[in-house]
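Visitor: One structure coming up, written as structure tokens, with questions to follow.
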Amino acid sequence: MARFSVLNLARNAISEHRNWAAQWRAPELKTDYDIILVGAGGHGLATAWHLARVYGLTNIAVLEAGWLGGGNIARNTVTIRSNYMRDESIPFYVKSVALFDRLTKDLNFNTMHSKRGMVDVLQTWGMVRDRRRRRLTMDLHGARYRPLSVPDLRRMVPKLTGGGPDARLPILGAEFHPDAAVNRHDAVAWGYARAIDAMGVEIHQNTPVTAITRGADGAVTGVETPRGFVRAGKVALAVSGHTTTLSETAGLRLPLRTINLSAFVSEPLQPCIDVVVNCPDLGVYLSQSDKGELVIGGATDLGQSFRRDVKQHVFEDTVAAMLDLFPSFRRVKLLRQWGGHLDIAHDASPIISTTDVPGLFVSAGWWGGYKAIPAGGLCLAHLLATGSPHPLATPFGLGRFRHLEYVLEAGTTTAR
Ligand SMILES: Cc1cc2nc3c(=O)[nH]c(=O)nc-3n(C[C@H](O)[C@H](O)[C@H](O)COP(=O)(O)OP(=O)(O)OC[C@H]3O[C@@H](n4cnc5c(N)ncnc54)[C@H](O)[C@@H]3O)c2cc1C
């Protein structure tokens, strides 16, 4: 794999970019691997990267139903943060944010990382108390969160002119999370793909897994695909939104529900917002992309759904909430809207775990799981390679549902 460097870029610019080699191979599908990772989204690819880089395991196939990086990683609003609530969650996300910060160097691929911080706009006393409590807990784990007065908030986000004293929900205060960042989701997927391919891991696109197969002893033997049966002693599911559909083919029911989450982007505007703005009481958050588009997300619709479009009532609620706080955006045109389907566990925390089916592993429950990709990959790789949970992921095993040891998190940026 040619390394990207200033020299390399200049050389290819001079030859009008005609001489770039393919960034990853399209190898023949073998019949046997040590490990099959199902899903070439962020978590599947990051897991392969840690397996190859840290543990030297490369006889691995990443099987992807569509094209790599075309699932929820392509649909998300790229907010990376660690302002969680529980002692179990915060260290995991602190690690993930730190791994994201150095990902461009680690992958030798420009992820367009922008560490711009996130401000939480607080409009109810309940939310003020919740975020103050988060701040105190986060402080114990090295995640930064600091209170902002309303005038400081308005100086930081001049476009935020709504929420005055006469508003239905006046702004009471804010918390600023300087560790938060955004980056480019395609680059993250492509960077991992390029790096794992160079280490010998195989990526097979257009290869949906239709069933997980088990032997007479109940252990996993491999997977069925339209391209034939593929054998492996270890199979890990990283198929965000589709986990239950697949696990049920192995007779395994998981405590997950699939829900719809949607987002929209506006036409490009001149630079006007340089932080991520999150308004948990109203259920809207937004940032401005490098192209100038406002990237806007709403709250989840908690009804079970496999839809990948936008639910109209969520769209209307989100836009109304945004205009409450940013009335000057009322003439802005929205260009695109889309949804994704995520699986959520009862306690809204992730599952990185072995299962009751020997050889079957699962990484799921990622409803705000973009920010978790580097640490999720690290922890699933550790589990696959060593058989024991990574210390950061010990609280996120399936056993917690048996022993009622929930890690209760309202895990989205919009806190619903
Ligand atoms: C609108 C929206 C906004 C979001 N915003 C944020 C945010 O700001 N911050 C944040 O942290 N998170 C956010 N998320 C959540 C985040 O996108 C997901 O939690 C995360 O991408 C899930 O992990 P993944 O990348 O591995 O999933 P995916 O990219 O969905 O990867 C799973 C892959 O598995 C493949 N697959 C499925 N079934 C099969 C099968 N049978 N065989 C083979 N392959 C299969 C899929 O095609 C897919 O490519 C958002 C999600 C949505 C929908």
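Visitor: Taking the Cα atoms of the chain alone, what are Rg (to one decimal) and Dmax (as a whole number) in Å?
Guide: 21.6, 69
Visitor: Hey, which lysines would be in cross-link range of Lys30, C-alpha to C-alpha under 17 Å, not counting anything within fewer than 8 residues on its own chain?
Guide: Excluding near neighbours in sequence, the set is Lys234.
Visitor: Here is a further query. What is the distance in Å between the Cα centres of the stretch 326-352 and the stretch 210-231?
Guide: Cα centroid of the stretch 326-352 versus Cα centroid of the stretch 210-231: 35 Å apart.
Visitor: Report the Stokes-Einstein translational diffusion coefficient (µm² s⁻¹, integer) for the stretch 124-231, Rh taken as the Kirkwood radius over Cα pairs, at 10 °C with viscosity 1.306 mPa s.
Guide: Details: Rh = 19.5 Å.
It comes out at roughly 81 µm²/s.
Visitor: Taking the Cα centre as origin and putting +1 on Lys and Arg beta-carbons and -1 on Asp and Glu beta-carbons, what dipole magnitude results for the stretch 1-148, to the nearest 20 debye? Each step should come with its number before you reach the end.
Guide: Numbers: 22 positive and 12 negative charges, 169 e Å.
It comes to approximately 820 debye.
Visitor: Work out the length of the dipole vector of the stretch 220-370 about its Cα centre, built from +1 on the beta-carbon of each Lys and Arg and -1 on the beta-carbon of each Asp and Glu, and round it to the nearest 20 debye.
Guide: Rounded to the nearest 20 debye, it is 480 debye.
Visitor: Can you tell me the mean projection area, over all orientations, of the convex hull of the stretch 192-351's alpha carbons? Units nm², please. Could the numbers behind the result be given before it?
Guide: Values: hull surface 51.1 nm².
That works out to 12.8 nm².
Visitor: Suppose every Lys and Arg Cβ carries +1 and every Asp and Glu Cβ carries -1, with no other charges. What dipole size does the stretch 155-289 come out with about its Cα centre, to the nearest 20 debye? Before the final figure, lay out each step's value.
Guide: Values: 11 positive and 12 negative charges, 61 e Å.
Around 300 debye, computed over the stretch 155-289.
Visitor: Same structure, new question: Pull up all non-local amide H partners of Ser305: gap of 5 or more, or a different chain, and H-to-H distance under 5 Å with H placed in the peptide plane.
Guide: Excluding prolines and chain starts, which carry no amide H, the hits are Thr258, Ile259, Asn260.
Visitor: In deg cm²/dmol, rounded to 500, what helix-only [θ] at 222 nm does the chain give when every DSSP H run of at least 4 residues adds -39500 (n - 2.57) and the total is split over its residues?
Guide: On the way: 11 runs with 115 residues, N = 416.
Dividing the helical sum by the residues of the chain leaves -8000 deg cm²/dmol.
Visitor: Tabulate in residue order the Karplus-calculated ³J(HN,Hα) for the stretch 249-264, using 6.51 cos²θ - 1.76 cosθ + 1.60 with θ = phi - 60°, rounded to whole Hz; enter x for Gly and Pro.
Guide: 5, 9, x, 10, 9, 10, x, 10, 10, 9, 10, 9, 9, 10, 8, 9
Visitor: Let me ask something additional. P(r) tail for the stretch 20-166, what percent of Cα pairs lie past 23 Å? Don't jump to the answer; show the numbers that get you there.
Guide: Working: 5914 of 10731 pairs.
Counting every Cα pair in the stretch 20-166, those more than 23 Å apart make up 55 percent.
Visitor: Report, largest value first, the span of the C-alpha coordinates of the stretch 260-356 along each principal axis, in whole Å.
Guide: Principal-axis extents of the Cα atoms in the stretch 260-356, largest first: 53, 26, 24 Å.
Visitor: Now for a different question. Return the Rg/Rh value of the stretch 37-86, two decimal places, where both radii are evaluated on C-alpha atoms and Rh is the Kirkwood radius.
Guide: On the way: Rg = 13.3 Å, Rh = 12.4 Å.
Value, to two decimals: 1.07.
Visitor: Along the positive direction of the dipole of the chain (beta-carbon charges: Lys, Arg +1; Asp, Glu -1; about the Cα centre), which of Phe100, Thr47, Gly369 reaches farthest?
Guide: With unit charges placed on the Cβ atoms, the residue in question is Phe100.
Visitor: Bins of 10 Å, beginning at zero and ending with the bin holding the largest distance: percent of Cα pairs per bin for the stretch 290-402, please.
Guide: In whole percents, the pair-distance histogram is 11, 33, 26, 19, 10, 1.
Visitor: Now for a separate question. Quick one: if you take sqrt(5λ) for each eigenvalue of the C-alpha gyration tensor of the stretch 1-95, what semi-axes come out, biggest first, whole angstrom?
Guide: On the way: eigenvalues 173, 102, 44 Å².
With the √(5λ) rule applied to the stretch 1-95, the semi-axes are 29, 23, 15 Å.
Visitor: Next question. Run the Debye formula on the Cα coordinates of the stretch 173-263, all scatterers equal and no solvent, and tell me log10 I(q)/I(0) at q = 0.23, 0.24, 0.26 1/Å.
Guide: Debye curve over Cα of the stretch 173-263, log10 I(q)/I(0) at q = 0.23, 0.24, 0.26 Å⁻¹: -1.24, -1.27, -1.31.
Visitor: Using the count of nearby Cβ atoms within 10 Å as a rough guide to exposure, how do Val319, Val223 rank from fewest to most? Before the final figure, lay out each step's value.
Guide: Values: Val319 19, Val223 26.
By the 10 Å Cβ count, ascending, the order reads Val319, Val223.
Visitor: Please name which of Leu294, Leu378, Met156 has its Cα lying farthest along the dipole of the chain towards the positive end, using unit charges on Cβ (Lys, Arg +1; Asp, Glu -1) and the Cα centre as origin.
Guide: Met156
Read the figures in this text as sums done on the coordinates, not as results from a lab. Quick caveat: nothing in here was measured; it's all calculated off a predicted structure. Reconstructed Cβ throughout: ideal geometry from the backbone, glycine too, with neighbour counts over all protein chains shown.
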